[in-house]
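Right, one structure below, let's go through it.
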């Protein structure tokens, strides 16, 4: 939900040199509606060159909505620690409606510990994660929490016409495993790769994640690079 591209440098560096990579950041200082964020994504992606869209966590529902429009030059979609329906279930979703406004009061270190349980991350990654979370204006953070609580883009997922890869974290403390089951019920042909890490896979396992992405790209029709 930090919406920042600053945490992806290690992952991008691990990708094959043949890849041309663009990193997109959401505005963190002003509220944007779902349609406005989708418009920003549309304006950012290559207008004519073939590309793969990769999204992590909060960005995955937005990427699903974008991919559902089936842009002619989109060749594949990768969802990392993703979901198409809210990962917050039952009474927690109800409580979330009332607790969302106090989220900015929660220390960023606690949020980081939820994303990276135990001692799975170097101090440098935890510090960068804390900085990214702190860069988001409180009102924007609350708005994004509400977007996650009431997310449902399963119908959009069904309409996607390109190959979809889900990169799942074996120790994800934020995304309910039921989210993947729901996506596969809607789109059984989704490819799934599980990595032995926590929620922020691209940051914790950049080389392994890059290998998965490169292999997915290699098997796409015409071998198009992102």
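What follows draws every value from the coordinates through simple rules; no lab data is involved. None of the values given here were measured: they were computed from a predicted structure. Reconstructed Cβ throughout: ideal geometry from the backbone, glycine too, with neighbour counts over all protein chains shown.
Rank by packing, highest mean first: peptides 76-82, 160-166, with packing defined as the count of other Cβ atoms within 10 Å averaged across residues.
Values: 76-82: 25.7, 160-166: 18.6.
Top to bottom by mean Cβ count within 10 Å: 76-82, 160-166.
How high is the FRET efficiency from residue 146 to residue 218, r the C-beta distance, R0 35 Å, rounded to 0.05?
Plugging the Cβ-Cβ distance into 1/(1 + (r/R0)^6) gives 0.35.
What is the packing order of peptides 144-153, 176-185, taking the mean over residues of other C-beta atoms within 10 Å and listing the highest first? Working shown, then result.
Numbers: 144-153: 17.8, 176-185: 15.7.
Output ranking for 144-153, 176-185: 144-153, 176-185.
For residue 192 and residue 207, compute 0.36 nm times the residue count separating them, minus their Cα-Cα distance, and round to one decimal in nm. Don't jump to the answer; show the numbers that get you there.
Working: separation 15, 0.36 × 15 = 5.40 nm, distance 1.76 nm.
Value of the extension gain: 3.6 nm.
Kindly state, to the nearest 0.05, the FRET efficiency for residue 35 paired with residue 70, given R0 = 25 Å and r defined as their beta-carbon distance.
Numbers: r = 18 Å, r/R0 = 0.71.
Given R0 = 25 Å and the Cβ-Cβ separation, E is 0.90.
Would you please classify the overall shape of the range 128-213 from the alpha carbon gyration tensor, given that a ≥ b ≥ c denote the square roots of the eigenvalues, rounded means a/c under 1.5, and beyond that prolate means a/b larger than b/c while oblate covers the rest?
oblate
Can you give the relative contact order of the range 26-90 as a percent, counting alpha carbon pairs under 8 Å and 6+ residues apart?
34
Once fully extended, how much extra length lies between residue 24 and residue 184, figured as 0.36 nm per residue of separation less the alpha-carbon to alpha-carbon distance?
Residue separation times 0.36 nm, minus the Cα-Cα distance, leaves 54.9 nm.
Report the label-to-label distance for residue 42 and residue 9 in nanometres (one decimal), using points 7 Å from each Cα along the Cα→Cβ vector.
The two pseudo-label positions are separated by 3.4 nm.
Round to the nearest 0.05 the FRET efficiency obtained for residue 159 and residue 131 when R0 = 41 Å and r is the Cβ-Cβ distance.
It comes to 0.65.
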